[in-house]
Amino acid sequence: MNEVLPHLDELLFSSVEGVVVESVEVTDTAVRIEARTTAGLAVCPGCGCWSGRIHGSYLRFPHDLPTAGKLVVVSLRVRRFVCAEHCCPRKTFAEQVPGLTRRFGRRTERLRSTLVAVGLALAGRAGARMTGAFKIPVSRNTLLRLIVSLPDPAVAAPRVIGVDEYAQRKGRVYGTVLVDVETRRPVDLLPDREPDTLAAWLAERPGIEITCRDRATFFAEGATRGAPQALQVADRWHLWHNLGEAAEKCVYRHRGCLRPTPAQPAQPQDEAEPTASSPWPTGHRFAERTRAKHATIHALLAAGHSKRSVARQLGMTLNTILRFSRATTPEKMFTGQWQSRATRLDDYKPYLDQRWQEGCTNAWKLWEEIKEQGYPRGYASVRDYVSRTLRGKPQQSAPGHHPPAPSPAGASPTPTPYLKAIGSGSKPPCPTAPN
Ligand SMILES: [Zn+2]
């Protein structure tokens, strides 16, 4: 057996120095390896000094990779050394075998690196199943702990940095996420979105040439103070997002100008019927989106999913799910600024309706008339009432049938029907109004 042992050292601990195999015992299920360390000196972890004074020895049983499908049990005798330095807080210390053991480690380094590789490839649950197949079963939490204990990879100093906020708890706690725009990888997370924190982070990285941010004031201030040398630009996502929102609002504001052309058939009665009381008719984008969400949520709830589960599945907050679940019909979700609430204008609505029926479609003129009667508010409410409510009502003489009127002072020489209808020269012409 002894003649074979030198080969076993190379076979079992090929990349490890200072370990000799004393015996190997193979049973049906396991391979038992008895080994000991041979180094004459060991370095103290407290002071870094070398010591050769042996205090004692003991056995360690680090878990190792299985071999030939059998469990490997390593029985490693290591020694405890006396530290000779008087100023060192340690009196004795245990030796470690580089490449095989580490302090407090219960696995050999090669088993540890294998588990790390599995964890990085498959993460928790799938990785834990895979280690079971390899006969080195560990829990998913062990795999995650091993990954977390890895040192952070070295990150190159970013040249173009993207700054945005992220929610730790939506609506309550926000932090700042910093992304290297060139590699598209997150670089750091800051615990808040204060300008001081961002400025301090940027000041430590003078190589930043471009800061890419949204228009939040705290980011503007932080970027200006922390990286005054950097050019500040608006990022593409926010530009598109803001443009999309502005366009949607603008189109909605001017939806009254979108009249059906004569060639289009009128909407079938059965489609308009369920939303007759709704401020958003069928075919409206907001309304259709809300109706689709309402149908999905109620279908999931009817299938027996809990509200929390539905919230998770759809990526919505629980409060949103609760609001949808309380609404028996999607029309009940159409609340907010379009809901019919009591306003100061209510008392004047009969008069406005009557004037509209008489053919007065000039919102400014209507406002001036009710102002004389004591209406205390501004023009905007009257304009909204005219465009949202009265425009849908039939009137004795439609504005389109009027003969061309002479240009009012200050207005466009050829006013569009929209300009004529609201009667204000200061309003920009609606791009969607028919000419
Ligand atoms: Zn020491």
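Looking across segment 104-132, the residues that are touching a helix residue (DSSP H, G or I) at 6+ places or on another chain (Cβ under 9 Å), basic (Lys, Arg) and part of a helix (DSSP H, G or I) come down to ARG112, ARG125, ARG129.
Per-residue answers, yes or no, for (1) farther than 27 Å from VAL160 by Cα; (2) in contact with a helix residue (DSSP H, G or I) (Cβ under 9 Å, 6 or more places away or on another chain); (3) at pLDDT 60 or above:
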residue: GLY222; (1), (2), (3): no, yes, yes
residue: ARG225; (1), (2), (3): no, yes, yes
residue: ARG236; (1), (2), (3): no, no, yes
residue: CYS257; (1), (2), (3): yes, yes, yes
residue: PRO265; (1), (2), (3): yes, no, no
residue: PRO268; (1), (2), (3): yes, no, no
residue: SER277; (1), (2), (3): yes, yes, no
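Within segment 45-57, residues that are over 18 Å from ARG77 (Cα atoms) reach partners that are within 7 Å of the ligand (Cβ to nearest atom) and among the acidic types (Asp, Glu) with beta carbons closer than 6 Å, at six or more positions or on different chains, in the pairs CYS47/GLU85; CYS49/GLU85. Out of ARG80, ARG103, one residue alone is within 28 Å of LEU144 (Cα to Cα) and either within 16 Å of the ligand (Cβ to nearest atom) or acidic (Asp, Glu) (or both). It is ARG103.
Taken together, the criteria exclude ALA167 from residues that are loosely packed, with under 15 Cβ neighbours inside 10 Å, in contact (Cβ under 8 Å) with a residue 40 or more places away in the chain, within 30 Å of PRO206 (Cα to Cα) and of a type outside the set (D, E, K, R).
Quick one: which helices (runs of 4 or more DSSP H) sit completely within segment 160-267 and have at least 1 residues that are under 30 Å from THR361 (Cα atoms)?
Here the list reads 236-253.
Every condition in (1) more than 14 Å from the ligand (Cβ to nearest atom); (2) more than 26 Å from SER14 (Cβ to Cβ) holds for ALA68 except the one numbered (2).
A Cβ distance below 6 Å, combined with a sequence gap of six or more or placement on separate chains, defines the contacts here; from segment 226-247, residues that are under 24 Å from GLU194 (Cα atoms) reach residues that are of a type in the set (S, T, N, Q) in the pairs ALA227/THR211; ALA230/THR211; GLN232/THR211. Could you list all residues from segment 300-336 that are among the small types (Gly, Ala, Ser), under 19 Å from ALA287 (Cβ atoms) and surrounded by fewer than 14 Cβ atoms within 10 Å (Cβ to Cβ)? Residue satisfying the conditions is GLY336 alone.
Note on segment 38-65: among residues that are surrounded by 14 or more Cβ atoms within 10 Å (Cβ to Cβ) and within 22 Å of SER113 (Cα to Cα), the one that is farthest from the ligand (Cβ to nearest atom) is LEU65. Taken over segment 328-344, the residue count meeting the criterion of being within 28 Å of the chain's Cα centre (by Cα) and at pLDDT 80 or above is 1. Only a single item in (1) within 16 Å of the ligand (Cβ to nearest atom); (2) part of a strand (DSSP E or B); (3) not polar (S, T, N, Q) is not met by VAL31, and it is number (1).
Screening the candidates LEU178, LEU146 for the property of being at pLDDT 90 or above and assigned by TED's automatic domain parsing to the domain that holds CYS212 yields one hit, LEU178. Residues that are loosely packed, with under 15 Cβ neighbours inside 10 Å and in contact (Cβ under 8 Å) with a residue 12 or more places away in the chain were ranked within segment 111-133; the one that is nearest to LEU41 (Cα to Cα) is LEU120.
Condition check: more than 19 Å from LYS135 (Cα to Cα), surrounded by 11 or more Cβ atoms within 10 Å (Cβ to Cβ), away from the ligand (no atom under 13 Å from the Cβ) and modelled with pLDDT under 85. Does LEU12 satisfy that? In short, no.
The values are calculated or read from the model by the stated rules, or taken from the named source; none is laboratory data. Quick caveat, the model's predicted, so the values are computed rather than measured. Heads up, the Cβs are rebuilt from the backbone with ideal geometry, glycines too, and the neighbour counts pull from every protein chain shown.
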